[in-house]
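Contents: one structure, followed by commentary.
Every read-out reported here was derived from the displayed coordinates using simple, explicitly stated rules and does not represent laboratory data. Every value quoted in this text rests on a predicted model; they were computed, and no experiment measured them. When we count neighbours, we look across all protein chains shown, and the Cβ atoms used for this are built from the backbone with ideal geometry, even at glycine.
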Amino acid sequence: MPRTSRSGVRLLVVAAVALAAVIAVASIGLGDNLVYYRTPSELASAPGEPGERIRLGGLVVDGSITHLDDGVTFVLTDGTADTTVVHRGDPQAVFAEGHGAVVEGVLAADGVFRSDLLMVKHSNEYRPPDDAGAGP
């Protein structure tokens, strides 16, 4: 085999090993940062083991938020199924009806999801406040 073809094969092998290493490092790094959650429909069809800690995500149903002394209760929906959530702790300021939320906790025997972690989904779109009342 001519010397130039051996060099080409070696270069190809080195490039393939380097690419595999980059993909492996990226996969490991992303795996720790991905957040997986179930929808209310998935929770209804497969509630999991009693006491199993899970994440549940959906939209907060309009008119469902009730503030409690030590938290908030609301309903999450995916458009097909609804799940009542009781969250202990103060919700974030951007928590609102009609917006997405992900909660972490346990599905109780009574079918109510008991949460101790509430993450609010929001858009990355910035809108300045209305200046309708502001003068020149």
At ALA24 and GLU97, where each label point lies 7 Å from the Cα along Cα→Cβ, what is the point-to-point distance in nanometres?
5.3 nm
Would you mind ranking ASP116, ASP62 by Cβ crowding within 10 Å, fewest neighbours first?
ASP62, ASP116
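For SER115, what is the net charge nearby, where nearby means another residue's Cβ is under 9 Å from its Cβ and Lys, Arg count +1, Asp, Glu -1?
With Lys, Arg at +1 and Asp, Glu at -1, the net is 0.
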Quick note, region 40-120: a/c under 1.5 would make it rounded; otherwise a/b > b/c is prolate and the rest oblate (a ≥ b ≥ c, C-alpha gyration tensor); here it is oblate
Subtract the Cα-Cα distance of ASP110 and ALA44 from 0.36 nm times their separation in residues, and report this length gain in nm to one decimal.
22.5 nm
